[in-house]
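The values are calculated or read from the model by the stated rules, or taken from the named source; none is laboratory data. Everything numeric here is computed off the predicted structure, so don't read it as measured data. Cβ atoms come from the backbone with ideal geometry, glycine included; neighbour counts cover every protein chain shown. We work out accessible area using only protein heavy atoms, side chains counted, and drop any ligands, DNA or RNA first. Shrake-Rupley method; radii C 1.70, N 1.55, O 1.52, S 1.80 Å.
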Amino acid sequence: VFAMSLPTSLDYPIIAIADLHGQLEQLERLVARLEMISEWDDCALVFLGDYVDRGEDVPGTIDMVLDLLSRRPGGSALLGNHDLALVRATRLDDGPPSPYWIDRYLHRYDHDQTFLGYLGRRPNHDGSRWESDLAELRGAIPAEHRAFLVSLPWVVESPGHLFLHCGLSFELAA
């Protein structure tokens, strides 16, 4: 699968934006307000994951994130649990089928808006066509979005800060 290269280390100043969940209008409003800040042109952006599910415009949200990351000084983006569930359930990463993620994305994630955004319809929730719905969704996701989603790192660092979608385990050594 084609992948893009996202940096895992950023310099300051940085603006972190979390959990977009397809909420394009809210992202547009946020960026309009951020553009009024004098430091805006010098700020790198780090998006903290969860671009898909819930919101009304998943494709538009990913398009805007990609556009924002392409501007100077750029930035990076992280993998969220919703993104991982979509990538593995649909096999966007060309990995082997994962019964775990196929079932989990059906039962644990509010994926309807992702299907509506890319397919123009909701999936079949009774499970009888779920895997064929996932295959259809996989085929409908544009190559640029697919490359973005499969390239997302787990962590981005900057001096003194660690950016990630969720938490770190207390069991990890410092």
Scan of region 36-62 for residues that are touching a helix residue (DSSP H, G or I) at 6+ places or on another chain (Cβ under 9 Å), among the charged types (D, E, K, R) and surrounded by fewer than 16 Cβ atoms within 10 Å (Cβ to Cβ), ordered by number = GLU56
remark   = Note on ARG72: of the conditions (1) more than 22 Å from GLU157 (Cβ to Cβ); (2) without any contact (Cβ under 8 Å) to a residue 60 or more places away in the chain; (3) in a loop (DSSP other than H, G, I, E, B); (4) over 14 Å from the mean Cα position of the chain (by Cα), unmet is (1)
message = Just to be sure I understand, how many residues within region 90-117 are under 26 Å from ASP63 (Cα atoms) and open to solvent by less than 30 Å² (accessible area, probe 1.4 Å)?
response = 10
request  = Taking the options ASP11, ASP41, name whichever one is out of contact with any Leu (no Cβ under 9 Å at 6 or more places or on another chain), in a helix (DSSP H, G or I) and closer than 22 Å to PHE163 by Cβ.
outcome  = ASP41
task = For VAL65, work out the one condition from (1) buried (at least 19 other Cβ atoms within 10 Å of the Cβ); (2) under 20 Å from SER151 (Cβ atoms); (3) out of contact with any Phe, Trp or Tyr (no Cβ under 6 Å at 6 or more places or on another chain) it doesn't fulfil.
result = (3)
request  = Scan region 19-31 for residues that are in a loop (DSSP other than H, G, I, E, B) and free of Cβ contacts under 8 Å to residues at least 60 places away in the same chain and jot them down.
outcome  = LEU20, GLN23
ask   = Checking ASP67 against (1) in contact with a Gly (Cβ under 6 Å, 6 or more places away or on another chain); (2) over 24 Å from ARG121 (Cα atoms); (3) assigned to a helix (DSSP H, G or I), which test does it fail?
value = (1)
query = Residues of region 140-164 being in contact with a helix residue (DSSP H, G or I) (Cβ under 9 Å, 6 or more places away or on another chain) and surrounded by fewer than 17 Cβ atoms within 10 Å (Cβ to Cβ), which ones?
reply = ALA140, PRO142, GLU144
request  = Would you mind stating whether PHE170 is of a type in the set (A, V, I, L, M, F, W, C) and at pLDDT 95 or above?
outcome  = no
remark   = Turns out the helices (runs of 4 or more DSSP H) fully within region 86-174 with at least 1 residues that are β-branched (Val, Ile, Thr) are 99-108, 112-119, 143-151
